[in-house]
Amino acid sequence: QVQLVESGGGLVQAGGSLRLSCAISGRTFISYVMGWFRQAPGKEREFVAAISRNGGSTYYTDSVKGRFTISRDNAKNTVYLQMNSLKPEDTAVYYCAADRGPYKSGSFGADYWGKGTLVTVSS
């Protein structure tokens, strides 16, 4: 059974930074394209970022480009989301996801989800 566990959320002031982590267990980590999604209060879940299996390719939603960086450490079975220059509109529950399919920029099909970690950005 595949399990994804996020950590690193919290309360931060606008302009600040946070780093989210997601550890995967149960299957070989490198088998998955990894991604981050978020869901703000009253809104639908939206894609944030994804990274290929070897970490060589990434893509982001436009609203976070230049501020967020996704990375992975295959030796630690962990994917990260470094979030800088945070804005109040980044407030959301952030979810980690794993995709068994091929890496394709602009397309992510989540097969597994974590339970989420809350990020709150105060103005």
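The values are calculated or read from the model by the stated rules, or taken from the named source; none is laboratory data. Small disclaimer: the values here were computed from a predicted structure and weren't measured. Cβ sites come from the backbone with ideal geometry, for glycine too, and all protein chains shown count toward neighbours. Quick note on the areas: whole protein, heavy atoms, side chains included, nothing else; ligands and nucleic acids left out. Shrake-Rupley method; radii C 1.70, N 1.55, O 1.52, S 1.80 Å.
Restricting to the stretch 26-52, count the residues that are open to solvent by 30 Å² or more (accessible area, probe 1.4 Å) and more than 15 Å from TYR112 (Cα to Cα).
Residues of the stretch 26-52 that are open to solvent by 30 Å² or more (accessible area, probe 1.4 Å), as a first pass: 26-28, 30-31, 39, 41-47.
The next check asks that each one be more than 15 Å from TYR112 (Cα to Cα); those that pass are 39, 41-44, 46.
Qualifying residue count for the region: 6.
Looking at LEU11 and the list (1) open to solvent by 50 Å² or more (accessible area, probe 1.4 Å); (2) more than 19 Å from THR117 (Cα to Cα); (3) in a strand (DSSP E or B), which single condition is not satisfied?
(2)
Which one is nearest to the chain's Cα centre (by Cα) among residues in the stretch 14-25 that are within 19 Å of LEU86 (Cβ to Cβ) and surrounded by fewer than 22 Cβ atoms within 10 Å (Cβ to Cβ)?
First pass over the stretch 14-25, keeping only residues within 19 Å of LEU86 (Cβ to Cβ): 14-22.
Now narrow it down to the ones that are surrounded by fewer than 22 Cβ atoms within 10 Å (Cβ to Cβ): 14-19, 21.
Working: ALA14: 19, GLY15: 19, GLY16: 18, SER17: 14, LEU18: 12, ARG19: 10, SER21: 8 Å.
Ranking the candidates gives SER21 first.
So, of the residues in the stretch 24-37 that are part of a strand (DSSP E or B) and modelled with pLDDT under 95, which turns out to be nearest to LEU4 (Cα to Cα)?
Top of the filtered list is ILE24.
Quick check: anything in the stretch 58-75 out of contact with any Gly (no Cβ under 9 Å at 6 or more places or on another chain), open to solvent by 30 Å² or more (accessible area, probe 1.4 Å) and over 19 Å from LEU18 (Cβ atoms)?
Looking for residues that are out of contact with any Gly (no Cβ under 9 Å at 6 or more places or on another chain), open to solvent by 30 Å² or more (accessible area, probe 1.4 Å) and over 19 Å from LEU18 (Cβ atoms), one finds at least one in the stretch 58-75, hence yes.
Being among the charged types (D, E, K, R) and under 14 Å from the mean Cα position of the chain (by Cα) is true for just one of ASP62, ASP111, ASP73. Which residue is that?
ASP73 is the lone residue from the list that is among the charged types (D, E, K, R) and under 14 Å from the mean Cα position of the chain (by Cα).
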